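Below is one structure, written out as structure tokens, with a few remarks after it.
Read-outs: derived from the displayed coordinates by stated rules, not from any lab. Computed from a predicted structure; not experimentally measured. We place every Cβ from the backbone using ideal geometry, glycine too, and count neighbours over all the protein chains shown.
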Amino acid sequence: MLASYLLSLREGIEAALIVGIVLGALRQIRREDLKPIVWLGVLSAAGISLVTAILLNLLGLSLEGAAEPIFEALTMILAAILLTWMIFWMSRVGRTLKGRLEADVQRAAHIRSKRALFLVAFVAVLREGVELALFLTATLFASDAAQTIVGAFLGLSTAILLGWSLFATTVRLDLGRFFQVTGVLLILFAAGLVAHAVHELNEVGWIPAIIEHVWDMNHILNEKSLLGQFLTALFGYNGNPSLTEVFAYFLYFIVVFFLSQPGNPKAETIPAPQA
């Protein structure tokens, strides 16, 4: 549940920031009459994201035999790639995100194009929503449906509350620190997805295990226990991993962790928009 909560919180915060910036820009240029267009774009993007999540899960449930672990592995690898891209993207553009969105909104309002304003909100939120749909699908394979749904609901609810607090009150959120901390946790989560994908591909023979079980810690911490399932869902814990699983996990983590360290621009603290 924590994995889906963290993912939903991170994506939800990004979406809430985007919506808040767009609405704040409309307030600055005194075009609050265009707010319904923004909300229409947000709701449309949320609807498509929900349909995407449902279709991905139905596709996964419909597969049988070797096709099922292959689909799970490919979904996890794609989710890990998108997570990695998301971490670096936010680190790179976080400093200029607010300015870019405000410029897009002002341009759309200046040319009096409701379609352009709709697309600004729609595309921005759709990207977050489709990413989250894929992440939750990958999380579901390592956890169970109830925990994934509850975690996602709580994460999005927290993101909405934080987003409202950020833009409707004087609360300030240190986004740089927030994305830095969640970024490290998401790197660990993505490393677990990569290792889990390798495990699935070991089972179908696409990737050799080399050594089937490097160690076996199930007698100390069984992966089927409550704590074991928690660690499996969040960090990809496996009590008896293969050599290629271990190699994939640590290679991914070391490379991505060091590439994401200071030296890259951090997201700035975004204050509430002025009336």
Candidates per GluC sites (Glu not before Pro) in region 1-86, loop by DSSP, up to 16 other Cβ within 10 Å: 64
Relative exposure of 246, 123, judged by other C-beta atoms within 10 Å (fewest first): 123, 246
Relative intensity, log₁₀ I(q)/I(0), of region 2-259 from a Debye sum that treats every alpha carbon as a point, q = 0.08, 0.11, 0.12, 0.13 Å⁻¹: -0.36, -0.65, -0.75, -0.85
